[in-house]
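What follows draws every value from the coordinates through simple rules; no lab data is involved. Keep in mind it's a predicted model, so treat the numbers as computed, not measured. A quick note on method: Cβ atoms are made from the backbone with ideal geometry, for glycine too, and the neighbour counts reach across all protein chains shown.
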Amino acid sequence: MEHDIDTEARKRAGRRDEAVRAAVERGLLGPEAAVVGLLDVTGIRESAAALRAAFDAVTAPGTPVLHAFAVKAAPLVPVLRLLHEAGIGAEVASPGELALARAAGMPAARTVLDSPAKTPAELREALALGVAVNADNPQELARLDAAVRSAPGRSPLGIRINPQVGGGSIGATSTATRTSKFGVALRDEGAREWVVGAYLERPWLTRLHAHTGSQGIPPALLARGVAETYALAEEINARAGRRQIDTLDIGGGLPVNFDSEATAPTYARFARLLAREVPGLFDGRYGLVTEFGRSLLAKHGTLVARVEYTKSAGGRRIAVTHAGVQVATRTVYAPQAWPLRITAYDAKGCPKTGPDVVQDVAGPACFSGDLLAEGRALPPLEQGDYAAALDTGAYYFAHHYSYNSLPRPGVYGFAPDGAGGITFATAREPQTITDIVGEAGGAHTPALAALGAPEQP
């Protein structure tokens, strides 16, 4: 198995190197296109297949299983369409994400709405479409009561609970802490009994949902959250005297290894862990929903930026590139929690070799901390070279931060062309300067100056 993982990693790295070189040759990267996002379509398909196979291997035959991609990880319609055709559904957390999923052709029956702040209009839309909904709190459940009475529909409905099993190494992505904003805090006084009572009073509640967290959460802690959710479902069904809860939504959150090319942990290993710790989850009595995001895409995306200038300060080399806080916001503001591997390519897009030199890889934004990497040992980057931030297929170039009105980069998927080369497809056009002006209110230029303006004599 480890040999297979090593082979997979080498193939992925080889495809990436070929794509960077081809992007430079074809002008997708260059002086006029100084930063791009590249998505490995082959790798994404393989990741989706690995997820499905991992759970199929531990689940009783015939068990309904929906793997719903967390749209927030890569809110790009072509990506969602690719995943849909690979057998993956959608987990959405806003009206915008629901609209993206629908634009990608995602069926309502393979879509789940999870959000801590759903409006009445969002709930009505979801129920009208038949999208599954997990209520986050008692007030939202009261809204669902009214909506179900006025428009009973096809939507599977459930409650999100917080099993309060603790956090991981990154507080901002830990969702099962004692004071997490998500779900019903199960260990708070009276909360567990309230949840059980809510189900007993509402036979139309048939799902139970929990999401323990994301990056920084160890798989063993994720499994504890799933075990708590399963135990609660068993309790509710026993109290109801029937199998009222028929589906468990166990969330996602499998962490990604940003330290090397290897995919670790794997879906197969995580599924086996769950089968060992929560065997009843897979015996066919419960349908399953998962909500993986980062782990599906991160390893299959690369952010590539041109080195515009090189310089030195205090004896440290600095490569000034066009990728910084606008595309790697978490890495820039919290580099210890979100470090990225950087690879150097020459001006032709070929991997650079030679003795490593300690250097900073800086972004274009106007503050000193705008660094993709600090004090990193790399082959020396020169003007016109390219710096590639690896494992950035999720939560990076699809989540633009408009600091300094820097434009959103183009995003391109790539795959072998069958003739020994690479073919590209556009997933998102690069933003133009005209687009930036338009989004900044360019159509309303005189509006504020005209408010309360003194009359001209």
Nearest 10 degrees is fine. How inclined is helix 2-25 to the longest principal axis of the chain, computing both from alpha carbons? 50 degrees
Specify whether the C-alpha gyration tensor of the stretch 331-457 places it in the rounded, prolate or oblate class, a ≥ b ≥ c being the square roots of the eigenvalues: rounded for a/c under 1.5, otherwise prolate if a/b is larger than b/c and oblate if not. prolate
Dipole of the chain [Lys/Arg +1, Asp/Glu -1 at C-beta], most positive-end residue of Ala231, Leu371, Ala344: Ala231
So, by mean Cβ neighbours within 10 angstrom, what's the order for 412-425, 359-372, 290-303 with the highest one leading? 290-303, 359-372, 412-425
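If you place +1 on the Cβ of every Lys and Arg and -1 on the Cβ of every Asp and Glu, how big does the dipole about the Cα centre of the stretch 41-295 come out, in debye to the nearest 20?
That gives a dipole near 280 debye.
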Taking a crude spin-label model, label points 7 Å out from Cα along the C-beta direction, the Ser402 to Arg10 distance in nm is 4.7 nm
For the chain, what is the calculated [θ] at 222 nm in deg cm²/dmol (nearest 500), taking -39500 (n - 2.57) for each run of four or more DSSP H residues and dividing by its residue count? -9500 deg cm²/dmol
Order of 55-63, 35-43 by packing, highest average Cβ count within 10 Å first? 35-43, 55-63
Given 0.36 nm per residue, what is the gain on full extension from Asp283 to Cys366 after removing their alpha carbon distance, in nm? 24.3 nm
If each of Ala128 and Glu235 carries a label point 7 Å out from its Cα toward its Cβ, how far apart are those two points in nm? 3.8 nm
May I ask you to compute the full-extension gain from Val196 to Arg81, defined as 0.36 nm times their residue separation minus their alpha-carbon distance, rounded to one decimal in nm? 37.6 nm
How large is the charge dipole for the chain, taken about the Cα centre, if only the Cβ atoms of Lys, Arg (+1) and Asp, Glu (-1) carry charge, to the nearest 20 debye? 580 debye
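Order of 78-84, 25-31 by packing, highest average Cβ count within 10 Å first?
The densest-packed peptide leads the list: 78-84, 25-31.
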Please name whichever of Gly421, His400, Pro355 sits farthest to the positive end of the charge dipole of the stretch 299-428, dipole taken about the Cα centre and charges placed at Cβ: Lys and Arg +1, Asp and Glu -1. His400
I want the local charge near Arg12. Using Cβ-Cβ distances under 9 Å, sum +1 for each Lys or Arg and -1 for each Asp or Glu among the other residues. +1
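Using Cα pairs closer than 8 Å and at least 6 residues apart in sequence, work out the relative contact order for the chain, in percent.
About 18 percent, as a whole number.
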Quick check: the angle from helix 138-150's long axis to the longest principal axis of the chain, C-alpha only, nearest 10 degrees? 70 degrees
In nm, the gap between the two label points placed 7 Å beyond Cα toward Cβ at Ala117 and Ala450 is 3.2 nm
Cα long-axis angle, helix 219-240 against the chain (0 to 90 degrees, to the nearest 10): 20 degrees
I'm spelling it out carefully: the read-out is Rg and Dmax of the Cα atoms in Å, the candidates are [x] 24.0, 84; [y] 24.5, 79; [z] 23.4, 71, and one was derived from this structure. Which label? [x]
Expected output is a single nm value to one decimal: the length gained when fully extending between Thr423 and Ala151, i.e. 0.36 nm times separation in residues minus the C-alpha distance. What is it? 93.1 nm
Between Thr432 and Ala347, how high is the FRET efficiency from 1/(1 + (r/R0)^6) when r is the Cβ-Cβ distance and R₀ = 25 Å? Nearest 0.05. 0.50
Counting only residues 5 or more apart in sequence or on a different chain, those whose built amide H sits under 5 Å from that of Asn162 are Val184, Ala185, Leu186
